[in-house]
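Worksheet for the structure shown next.
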Amino acid sequence: MKKTQLLCLLFLSTLLFVGCAAGPNTAAHIATSNGHIAGFWLGLWHGMISPITFIISIFSNNVNFYEIHNNGTWYNFGFVLGAGILFGGSIEASSRK
């Protein structure tokens, strides 16, 4: 592969990945209409139920996959941990012989 083609491919790949980066959450640290801000424990729960919530959100506009009114890093950590508990445990169990 020529050097220019390789550089062009590298540039397009970088552009693709940067284009998929998440933007800022402008609703973080802002309470909902009832004064609630989601934290770590709610993030953990939302992560664990994320597959079910995703399927329901396809058919309903009243269900969201992710709580945007959260406290930032702790909610995100709980969400990722909850999803990891759900998906990571099943992968490890299926690899046992």
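The values are calculated or read from the model by the stated rules, or taken from the named source; none is laboratory data. Computed from a predicted structure; not experimentally measured. Virtual Cβ from ideal backbone geometry, glycine too; neighbours counted across all protein chains shown.
Checking each residue in the stretch 56-73 for being in a helix (DSSP H, G or I) and either in contact with a Leu (Cβ under 8 Å, 6 or more places away or on another chain) or surrounded by fewer than 12 Cβ atoms within 10 Å (Cβ to Cβ) (or both) picks out I58, F59, T73. Within the stretch 15-41, the set of residues being at pLDDT 85 or above and either of a type in the set (F, W, Y) or in contact with a Phe, Trp or Tyr (Cβ under 7 Å, 6 or more places away or on another chain) (or both) comprises A38, G39, F40, W41. Within this structure, T53 fails the test of being closer than 23 Å to F87 by Cα, surrounded by fewer than 12 Cβ atoms within 10 Å (Cβ to Cβ) and under 13 Å from the mean Cα position of the chain (by Cα). Scanning the stretch 24-55 for residues that are of a type in the set (A, V, I, L, M), outside any helix (DSSP H, G or I) and in contact with a Gly (Cβ under 7 Å, 6 or more places away or on another chain) yields one hit, A28.
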